[in-house]
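Structure record follows, encoded as structure tokens.
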Amino acid sequence: MCGLLLAVGAAAAERVGQVAAHPPGAAVASGHALATDAGLEILGKGGNAFDAAVATSAALSVVEPISSGLGGGGFFLLHDAKTGRDVFIDARETAPAAATPQAYLDSKGELDRDRAENGPWSAGIPGLPAALVHIAEKYGKLPLRTSLAPAIRLARDGFPIYARLERGYGSRREVMERYPGTRAVFLADGTPPKTGEILKQPDLAHTLELLAAKGSDGFYRGDLAKKLVAGVEAEGGHWTAEELAGYRVREREPLKLHYHDWNITTAPPPSSGGIALAEILQVVSGWNLHELDQAHRTHLVVEAMRRAFRDRTIYLGDPDFVKVPVQRLMSRDYAAGLRASIHPDKATPSELFSGQPAPLEDDETTHFAIIDRDGNRASVTQTVNLLYGSGLVVPGTGFLLNNEMDDFALKPGTPNAFGVMGFEANAPKPGKRMLSSMTPTFMESDDKVIALGAPGGSRIITEVLLGILAYDDGLDPQQVAALPRYHHQWMPDVISAEPGALAPETVKALQAMGHTVNAGEGTWGNLQTVMWNRRDNTLSGGTDPRNPVGKAAVQAAP
Ligand code: DON
């Protein structure tokens, strides 16, 4: 179901000054209707937004194995209405000790793309299961077993395969069919997944049961952990039992910034998203974007994007391993300096880039957003990285391992699958988290409270940025999710644009300023967002119409 926009109003809401004290119900938006329904089910059982986040996250892991799962990781941005505290749960994968940069070079010293993207070497130690347990124990009201029940049911009883799963399988088939464990899940009936067929995942149901019964130990120690270590070894990779047992989520302070009337709360390192958003928004806040024609507005936003992505390349990495100059990159003075370097109507050429452009695939990774009736919020982006992650399911576990190692700068200055590169700050080290673009975000003004985010690799940052600018323009959640997108990431030095994003005369004007514009790439992204308008006390959601199986829904308070 797509394009759903609902609102419930409360006639006699308790008010604090001009605005309502509580939402009139709850709202959930996610990339799959069954995962949205899992969140609503748990809210209906008395769970809060954090229990619902566990339920939706686990359900997405079952119904979108192409995008995220127990073998991957994610970032959970949470707002606790009672304490007013925002916290960022970092469940990013970590590098196994064996994954040295040399392990990814071929005999000619070039980056071995197959190792970086496929099979055991491409996988980091998973973080998502630890996040589910941590959030249920520390922030939830319901037992983990209750919040995992919808996902267990979906894994055991199955769900209908949809076109994106079938298409994605087609494009990853050769890799997926290398591994007996993957064949057992996706070729159980002897043929590849087909739209309309039911996909049952009994081993995944069992793994989720173990997590429900034993918490972290059910995944990171004992039989399942032994299977993972042996399964990775059997395919020629190397993980240790200690690396699994030692995995921990990190609680981090989210980044806070202001843009016009908005307080924005967003992802800190090891995400690059929050810093990039801060740089771009602070640079463009020097102009009145509302007054500019489309060509000049796009030019200035693109120039800010270009500069933020350059800094991403050089400075950003896991803050537990490298000193990230957060204060400097987020400072107003720094933004003023960047702004001064932008010509009002001339492109600044990025240095010529000798790598390959990012291949555009279906966007994977997934985002969901939840607000509950107490005003608690969750904005969550989770991933196994590329389509179906590494393609490797260790026999008997039921889930795909991620291929997140490709998000490290495995070879300095060599672009990854998204065409972004890095240097020492993002070099792999044992236990280090790879730099991410995932940018789960909250926006708050005097009357509106919003959660938003998106998949899309490096394009996540610009999707969220354009979402913020669109909310600032006064668009509603469904319009924000549908809005045509453009993107620039410094290297390659090109503006990518979806059909309809830039008028033909804007493209001409940008070209005249010296920009290269590629407006023929098709579409990307899958933005999910919910909004509580505290002034009229309504809730609404927006789900990306590019993804026909997503759903935004509002549940009235009982
Ligand atoms: O963390 C990151 O930035 C990437 N692993 C996200 C991957 C992604 O969004 C895939 N979608 N196209």
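The values are calculated or read from the model by the stated rules, or taken from the named source; none is laboratory data. Not measured: the values here are computed from a predicted model. Here the Cβ positions follow ideal geometry from the backbone for every residue, glycine too, while neighbour counts run over all protein chains shown.
State which residue is nearest to D320 (Cα to Cα) when the search covers only segment 53-93 and only residues that are in contact (Cβ under 8 Å) with a residue 60 or more places away in the chain and among the β-branched types (V, I, T). Among those residues, the one meeting the criterion is I89.
Residue by residue, here is whether (1) under 21 Å from L400 (Cβ atoms); (2) out of contact with any strand residue (DSSP E or B) (no Cβ under 6 Å at 6 or more places or on another chain) holds:
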{"site": "L43", "(1), (2)": "no, no"}
{"site": "N48", "(1), (2)": "no, yes"}
{"site": "D51", "(1), (2)": "no, yes"}
{"site": "V63", "(1), (2)": "yes, no"}
{"site": "S68", "(1), (2)": "yes, no"}
{"site": "G74", "(1), (2)": "yes, no"}
{"site": "K82", "(1), (2)": "no, yes"}
{"site": "I89", "(1), (2)": "no, no"}
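For segment 273-281, check the following and say yes or no: at least one residue is closer than 25 Å to S496 by Cα, acidic (D, E) and over 23 Å from the mean Cα position of the chain (by Cα). The answer is no, given that none of the residues of segment 273-281 is closer than 25 Å to S496 by Cα, acidic (D, E) and over 23 Å from the mean Cα position of the chain (by Cα). Here the condition is being over 30 Å from K226 (Cα atoms) and either surrounded by fewer than 24 Cβ atoms within 10 Å (Cβ to Cβ) or not polar (S, T, N, Q) (or both); of R312, R248, it holds for R312 alone. What are the residues in segment 106-153 that are surrounded by fewer than 19 Cβ atoms within 10 Å (Cβ to Cβ) and out of contact with any helix residue (DSSP H, G or I) (no Cβ under 9 Å at 6 or more places or on another chain), if any? Within segment 106-153, S107, K108, G109, E110 meet the criteria.
The condition (being modelled with pLDDT of 95 or more and not in a helix (DSSP H, G or I)) is satisfied by just one residue among T207, T195, T182: T195. Of all residues in segment 410-426, those satisfying the criterion of being of a type outside the set (A, V, I, L, M, F, W, C) and surrounded by fewer than 24 Cβ atoms within 10 Å (Cβ to Cβ) are K411, P412, G413, T414, P415, G419, E424.
Only one entry in G246, G222, G237, G190 is over 21 Å from A59 (Cα atoms), among the small types (G, A, S) and modelled with pLDDT under 95, namely G190.
Just the residues that are in a strand (DSSP E or B) and farther than 20 Å from S57 by Cα, please, taken from segment 532-551. Result: W532, N533, T538, L539, S540. When segment 17-76 is limited to residues that are assigned to a strand (DSSP E or B) and of a type in the set (A, V, I, L, M, F, W, C), the one that is nearest to the chain's Cα centre (by Cα) turns out to be F75. Selection over segment 141-160 of residues that are under 22 Å from the mean Cα position of the chain (by Cα) and outside any helix (DSSP H, G or I) gives a count of 0. Determine if segment 498-520 includes at least one residue that is crowded, with 21+ Cβ neighbours inside 10 Å, in contact with a helix residue (DSSP H, G or I) (Cβ under 9 Å, 6 or more places away or on another chain) and under 21 Å from W262 (Cα atoms). Within segment 498-520, not a single residue is crowded, with 21+ Cβ neighbours inside 10 Å, in contact with a helix residue (DSSP H, G or I) (Cβ under 9 Å, 6 or more places away or on another chain) and under 21 Å from W262 (Cα atoms).
Take R85 and decide whether it is within 16 Å of the ligand (Cβ to nearest atom), surrounded by fewer than 22 Cβ atoms within 10 Å (Cβ to Cβ) and at pLDDT 95 or above. It is false that R85 is within 16 Å of the ligand (Cβ to nearest atom), surrounded by fewer than 22 Cβ atoms within 10 Å (Cβ to Cβ) and at pLDDT 95 or above. Of the candidates P455, P477, the single residue that is within 18 Å of L77 (Cα to Cα) and surrounded by 22 or more Cβ atoms within 10 Å (Cβ to Cβ) is P455. The number of residues in segment 217-254 that are within 16 Å of the ligand (Cβ to nearest atom) and in a loop (DSSP other than H, G, I, E, B) comes to 1.
Quick one: would you say M438 is away from the ligand (no atom under 16 Å from the Cβ), of a type in the set (A, V, I, L, M), outside any helix (DSSP H, G or I) and buried (at least 23 other Cβ atoms within 10 Å of the Cβ)? Spelling it out, it is not the case that M438 is away from the ligand (no atom under 16 Å from the Cβ), of a type in the set (A, V, I, L, M), outside any helix (DSSP H, G or I) and buried (at least 23 other Cβ atoms within 10 Å of the Cβ).
If the condition is being out of contact with any Asp or Glu (no Cβ under 8 Å at 6 or more places or on another chain) and in a loop (DSSP other than H, G, I, E, B), then segment 375-387 contributes only G375. Of the set (1) under 20 Å from P415 (Cβ atoms); (2) over 22 Å from the mean Cα position of the chain (by Cα); (3) not small (G, A, S), all apply to L510 but (1). Residues in segment 408-425 that are in contact with a helix residue (DSSP H, G or I) (Cβ under 8 Å, 6 or more places away or on another chain) and either assigned to a helix (DSSP H, G or I) or within 13 Å of A95 (Cα to Cα) (or both): F408, A409, L410, A425. You will find that of A99, A131, the residue that is under 25 Å from L224 (Cβ atoms), in contact (Cβ under 8 Å) with a residue 12 or more places away in the chain, within 16 Å of the ligand (Cβ to nearest atom) and over 23 Å from the mean Cα position of the chain (by Cα) is A99 and no other. The set of residues from segment 447-483 being away from the ligand (no atom under 16 Å from the Cβ), in a loop (DSSP other than H, G, I, E, B) and touching a residue at least 24 places away in the same chain (Cβ under 8 Å) comprises D447, D473, D476.
Residue by residue, here is whether (1) surrounded by fewer than 24 Cβ atoms within 10 Å (Cβ to Cβ); (2) within 9 Å of the ligand (Cβ to nearest atom); (3) under 19 Å from the mean Cα position of the chain (by Cα); (4) among the small types (G, A, S) holds:
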residue	(1), (2), (3), (4)
D372	no, no, no, no
T383	no, yes, yes, no
F399	no, no, yes, no
E404	no, yes, yes, no
F408	no, no, yes, no
E444	yes, no, no, no
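Remark: V554 falls outside the filter, which requires a residue to be β-branched (V, I, T) and not in a strand (DSSP E or B). Against the list (1) away from the ligand (no atom under 14 Å from the Cβ); (2) more than 26 Å from L187 (Cβ to Cβ), the condition L392 fails is (2).
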